[in-house]
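Coordinate-derived values only; no laboratory data. Note that this is a predicted model, so its numbers are computed, not measured. For neighbour counting, all protein chains shown are included, and Cβ atoms are generated from backbone atoms with ideal geometry for every residue, glycine included.
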Amino acid sequence: MKRAVIYLVTLFVLAVGFSQTVQAKEIKPIVGHSAYVDVSVATLWTAPNILRPVDFPSATNPVDMRKWTSSMTLEEQLQLSDDGMLETQALYGNKVTILERNGDWVKVAVEGQPTPRNELGYPGWMPVHQLTYNKKFARSEQKPFVMVESPTTFLYQNASLKKKGMEISFNTRLPYVSETKKAFKVLQPNGKYAWISKADSHFYQSEKAIPKPTGEELVNTGKKFLGLHYLWAGMSGFGFDCSGFTFTIYQSHGITIPRDSSVQAQYGQSVPLNELQPGDLLFFAYDEGKGKVHHVAMYAGNGMMIHSPNSKKDVEIIPVHTPGYYEELSGAKRYIPEP
């Protein structure tokens, strides 16, 4: 009885805090209009209002990704996939289109995450208070940007990099403003300025200015995340699912591929398994490789592959012939453009 009371009180406190955050941060979204992600990582759900108590750190503004991912038990992690609770994630500053509203939640499509489910981007539900809209930020969309190239890094409130702000993810892109010897000044989605260490990021004039990678470069980028624990629907340096991992590695090198493994397997150039090169994507399907694709890995060379496997494991490099995987290997695709 006492344990039940404590649980209900905790849930009430979380709910009140969640409601207050909504009121404090809420924008007034208009269906069909654009907005921008205002938290380091926004998690998109399959329906509104399905959060468990353990999920509240992922749904506030600001979010606490480390608290959320570290506090889930294995059973709670598995529930995310087994019950189909999550769709995808979006990073700080990502543009979304508002599709629908249900109370304090909005269904959005994430621009830049291709899927046959919606031509505007990958769809899912998120709390409205995790979005913002600022005209100055919107006008900066096609301008030079700074991209985070470390697994995570911090935004700083000053150029001396001594006053930490939000922790943000790999592949986060923010408009460039100016720079000092050690830091880039960037524009945040809310219209305020912050600084990012040059040691953790890179400046690009445009998306097209990102150098097209070699397969080895893709693999080396993937190796930055060795030991990072799997997260269903994960798209950030706080946790990836299998296709979120391959998608993000490619996108960070200026190549956009479909978001999901089953769709990634439908595009690109087919590659015979005896002609694999580093950076090629390997696909695994049910029914000994003849059924639906359910997993993707990246060929790492020398008979090895790198992937984010499942909720019980971390990003790892293993032989392609590993039992449990090789039997389901269904094919390979190459997305690296020809020289």
Exceeding the 29 Å Cα-Cα cut-off - candidates Lys164/Lys212; Lys185/Lys208; Lys185/Lys212; Lys107/Lys224; Lys198/Lys224: Lys164/Lys212; Lys107/Lys224
Val219, Val320, Val96, Val39 arranged by Cβ crowding within 10 Å, fewest neighbours leading: Val320, Val219, Val39, Val96
Taking only Cα atoms of the chain, radius of gyration then Dmax in Å: 20.1, 68
Cβ crowding within 10 Å averaged over residues, with 188-200, 224-236 ranked highest first: 224-236, 188-200
Kyte-Doolittle mean at least 1.0, axial Cα span of 24 Å or more - DSSP H helices of the chain: 2-25
Relative contact order [Cα under 8 Å, 6+ residues apart], the chain, whole percent: 14
Ranked by how many other beta carbons lie within 10 Å on average, peptides 126-136, 98-108 from highest: 126-136, 98-108
Calculated FRET value between Lys312 and His202, using beta carbons and R₀ = 30 Å, to 0.05: 0.35
Ranked packing of 250-256, 285-291, most packed first, by mean Cβ within 10 Å: 250-256, 285-291
Expected 222 nm ellipticity per residue - DSSP helices of 4 or more, -39500 (n - 2.57), all of the chain, to 500: -6000 deg cm²/dmol
Using a Förster distance of 41 Å, the FRET efficiency for Asn190-Gln269 (Cβ separation, nearest 0.05): 0.50
Rg over Rh, two decimals, region 24-133 (C-alpha only, Kirkwood Rh): 0.95
Pairs beyond 23 Å (Cα-Cα), from Lys95/Lys136; Lys292/Lys333; Lys67/Lys181; Lys67/Lys312: Lys67/Lys181
